[in-house]
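A short write-up of the structure that comes next.
The values are calculated or read from the model by the stated rules, or taken from the named source; none is laboratory data. Worth saying up front: this structure is predicted, and the values here are computed from it rather than measured. Every residue, glycine among them, receives a Cβ derived from its backbone with ideal geometry; neighbour counts consider all protein chains shown. Note: accessible area is taken over every heavy atom of the protein model, side chains too, but ligands, DNA and RNA are not part of it. Shrake-Rupley method; radii C 1.70, N 1.55, O 1.52, S 1.80 Å.
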Amino acid sequence: MSFQLTALPYAYNALEPHIDGLTMEIHHTKHHLAYITNLNNALPGSGAESLSIEEICRNVSRFSAAIRNNGGGHWNHSMFWEIMSPQGGGEPSGALAEAIKKYFGSFSEFWNQFAQAGLNRFGSGWAWLVVKDDKSLAVCSTPNQDNPLMDVSECRGIPILGMDVWEHAYYLKYQNRRADYIAAFKNVINWPAVQKRYDDALKA
Ligand code: MN3
């Protein structure tokens with residue numbers, strides 16, 4: 001199997017002023033593409049040739065560091081583009097809203113924990129909202145391009161929201177101000193897409 005870069009569901013500048021168009025374009029056409037190219041180059045002879053990207057992540061301890069880093073990079077960014085939207089922001093509704101209230105007390109307390117997870121990730125990585133095996137919700141973070149699907153991750157579960165806190169996600173507009181980027185990201189979260197992932201995770 002060979003993985004390919006797919007188009008974003010919106011224009012590169014569609015998330016402005018929160019995330020600028022040049023950052024989005026470089027992030028997608030340079031960074032995400034490089035993960036896919038490097039993943040494809042690492043596949044021959046690995047035993048992962050016929051696996052889906054989810055299967056690669058779930059069994060990543062069997063594969064090389066190149067497959068872990070670039071496979072994670074591909075899965076993480078594929079999700080990232082989908083859980084943002086020009087019509088994003090606000091708060092979730094329905095069953096996800098109820099679950100957030102149950103496990104975090106309130107949406108604002110959830111957001112505080114999620115933002116802190118991103119802010120406190122030293123170096124590069126991701127903050128996540130995950131559905132655990134017992135169907136509870138949790139916030140956590142992973143280094144580099146690891147994710148909670150991976151069998152090597154300290155933070156396990158089905159990710160339904162992921163926030164990229166690598167500097168390449170924000171440096172052009174926000175420089176070293178990661179907290180400002182995290183506050184801006186909140187305005188573009190596609191909650192209906194996250195709710196769909198939550199519903200799917202409950203059925204998994
Ligand atoms: Mn990135």
| field | Where labels lie 7 Å past Cα in the beta-carbon direction, separation of SER64 and PHE122 in nm | value | 2.9
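Write down the accessible area per residue of segment 47-96 in Å², having rolled a 1.4 Å probe over the full set of protein chains.
Working: 2040 Å² over 50 residues.
Here the per-residue accessible area is 41 Å².
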| query | Once Lys and Arg get +1 and Asp and Glu get -1 on their Cβ, which of ALA99, HIS28, ILE56 lies farthest toward the positive end of the dipole of the chain? | reply | ALA99
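Based on the alpha-carbon gyration tensor of segment 20-204 and its eigenvalue square roots a ≥ b ≥ c, which shape applies: rounded if a/c is under 1.5, prolate if not and a/b is larger than b/c, or oblate? Each step should come with its number before you reach the end.
Details: a/c = 1.81, a/b = 1.23, b/c = 1.47.
The shape class here is oblate.
Could you look at the chain and say what percent of its accessible area is carbon and sulfur, using a 1.4 Å probe and all protein chains?
Working: 4600 of 9340 Å².
The nonpolar share, carbon plus sulfur, comes to 49 percent.
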| field | Tensor-based shape of segment 162-204 (alpha-carbon gyration tensor, a/c under 1.5 rounded, otherwise prolate or oblate) | value | prolate
| request: First measure r as the distance between the Cβ atoms of ASP199 and LYS30, then evaluate 1/(1 + (r/R0)^6) with R0 = 30 Å and state the FRET efficiency to the nearest 0.05. | output: 0.35
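Charges at C-beta only: +1 for Lys and Arg, -1 for Asp and Glu. How large is the resulting dipole of segment 20-204 about its Cα centre, in Debye rounded to 20? Write out the running numbers ahead of the final one.
Numbers: 17 positive and 19 negative charges, 40 e Å.
That gives segment 20-204 a dipole magnitude of about 180 debye.
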| task | Grab the Cα-Cα distance for SER78 and ARG156, subtract it from 0.36 nm times how many residues apart they are, and report the gain in nm with one decimal. | result | 26.2 nm
| query | Tell me, what is the FRET efficiency for ASN112 and THR6 to the nearest 0.05, using R0 = 41 angstrom and their Cβ-Cβ distance as r? | reply | 0.75
| task | List the lysines whose Cα lies under 26 Å from the Cα of LYS173, skipping any in the same chain that are fewer than 8 positions away. | result | LYS30, LYS186
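So what's the net charge close to LYS135: Lys and Arg +1, Asp and Glu -1, counting the other residues with Cβ under 13 Å from its Cβ? Provide the component values of the computation, followed by the final result.
Details: positive: LYS102, LYS132, LYS203; negative: GLU98, ASP133, ASP134, ASP199, ASP200.
Local charge sum for LYS135: -2.
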| field | the chain, helix-only ellipticity at 222 nm - DSSP H runs n ≥ 4, -39,500 (n - 2.57), divided by all residues, nearest 500 | value | -13000 deg cm²/dmol
| Taking the Cα centre of segment 92-177 as the origin, how large is its charge dipole in debye, to the nearest 20, when only Lys and Arg (+1) and Asp and Glu (-1) carry charge on their Cβ atoms? | 260
